[in-house]
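Nothing in this text is a laboratory measurement; each read-out follows from the coordinates by a stated rule. Note that this is a predicted model, so its numbers are computed, not measured. Cβ placement follows ideal geometry from the backbone for every residue including glycine, while neighbour counts extend to all protein chains displayed.
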Amino acid sequence: MSLGELSPQSCILGTGAYAPAQVLTNADLEQRVDTSDAWIRERTGIGERRVAASDEAASDMAKVAAQRALEAAGIQATDLDMIIVGTISADMPLPACAAFLQAKLGARQVPSFDVAAACAGFVYALSIGDQFIRTGMAKHVLVVGVELLSRVLNWEDRTTCVLFGDGAGAAVLGPASGDARVLSTRLYTDASLASSLCIPAGGSKEPLTAEGIEARRDKVHMVGQDIFKVAVKNLTSASRTALDDAGLTSTDVDWVVPHQANLRIISQVSQRLEIPMDRFIINIDRYGNTSSASIPMALDEGIRDGRVKPGQTVLMCALGAGISWASALARM
Ligand code: ACO
């Protein structure tokens, strides 16, 4: 019997997503840096991505996704007992994006906080929300992944600026009903690769200076190949562990909703898990890597277009800066 079967459980009551209107194509990027549509598609699977308007903040995007998730869940913002936002591009360093989101949604004075686990942020938030519902401390938890990475990219660095996009996704967790439930979640961090994916300046270690800004040390720096190798390995092992925890195997999975960082990573995870690519929900071609937003955006897309049906089993897995990675298994 898995741990989940021994305790009260949560389930995903509804999801929502938001993508800013402005589309930035690979052809547009060819005008900015020394790259090509062919390179970007072949190496990453990305065709275009969205960029937020100059007057949009992370909490604005999160608000739309959250409202759609609340509507799908059939509850009001005032019913929420907790708001957890996975983000590394909050409105400002202080306070949390979740605080602004609480105000914009008109929620009560419930605990509202951010989780800084980069691309794994949504799955971290989902797992934390699940724990609070399991212990009876909360009934309805809003979990959000939102990123406005276009603001923290070096648009002269072709090794990073072609990869990312802006977006938001949300899910409302509530008490398990019927077969629907979060079956298992697993969270991990390995700091040994922290410097392979980071924003070096702007924190307490290296406060922003004019020289730091000039050197773009306030923007995302990544050694892509370091991350690629561990991504395939860790996403596979975390997925297997989530399945083991729930007493399930790959054949029980109806849909995999992976973090959308690179189509080649997803393809290698598919091979290792022996789950065919046609059971993966993939939208990296249209949105690029939206970090913590990628899983809830893809999950919402799969639910709304009818691929993900009630009663089906969905495996989520993500890895990002930290490096932090996570997996979650849910029956819808
Ligand atoms: N256009 C054209 N050429 C490029 C570009 C570009 N945009 N970017 C890099 N290149 C060049 C490089 O300079 C290099 O040239 P060289 O051989 O002359 O030196 C060549 O292409 C190959 O570069 P690699 O870095 O080896 O390319 P790779 O196949 O590894 O792909 C990529 C790079 C896409 C970044 C890949 O490594 C990757 O996806 N890594 C994982 C990213 C990830 O999962 N991140 C975690 C989530 S993000 C987060 O947490 C915020």
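Data for the structure
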| item | result |
| --- | --- |
| Virtual paramagnetic centre 7 Å along Cα→Cβ of Asp305, amide N under 20 Å, in region 24-63 | 24-26, 41-42, 44-51 |
| Size of charge dipole - the chain - debye, nearest 20, with Cβ of Lys, Arg +1 and Asp, Glu -1, no other charges | 460 |
| Using alpha-carbon coordinates, inclination of helix 263-273 to the longest axis of the chain, degrees | 40 |
| Prolate/oblate/rounded call for region 105-235, Cα gyration tensor, a/c under 1.5 rounded | prolate |
| With Cα atoms, 0 to 90° folded angle of helix 58-73 axis to the chain main axis | 20 |
| Arg108 paired with Glu42, simple spin-label distance in nm, labels 7 Å along Cα-to-beta-carbon | 5.7 |
| Within region 10-177, percent of DSSP bridges classed antiparallel, to nearest 5 | 70 |
| Footprinting exposure proxy for His259, His221 (fewest neighbouring C-beta atoms within 10 Å first) | His221, His259 |
| In degrees, nearest ten, helix 224-245 long axis to first principal axis of the chain (Cα) | 0 |
| Interchain or long-range residues, amide H under 5 Å from Gly14's placed H | Val172 |
| Ellipsoid semi-axes in whole angstrom, largest first, where each is sqrt(5λ) of the Cα gyration tensor of the chain | 29, 23, 18 |
| For region 160-227 and region 269-284, distance of Cα centres in Å | 23 |
| Packing-based order for 69-76, 225-232, using average beta carbon neighbours within 10 Å, highest first | 69-76, 225-232 |
| Ordering of 244-254, 297-307, 58-68 by packing [mean C-beta count within 10 Å, highest first] | 58-68, 297-307, 244-254 |
| DSSP beta bridge pairing in the chain, given as percent antiparallel to the nearest 5 | 70 |
| Value of [θ]222 nm, deg cm²/dmol, for the chain, DSSP H segments ≥ 4, -39500 (n - 2.57) each, nearest 500 | -9500 deg cm²/dmol |
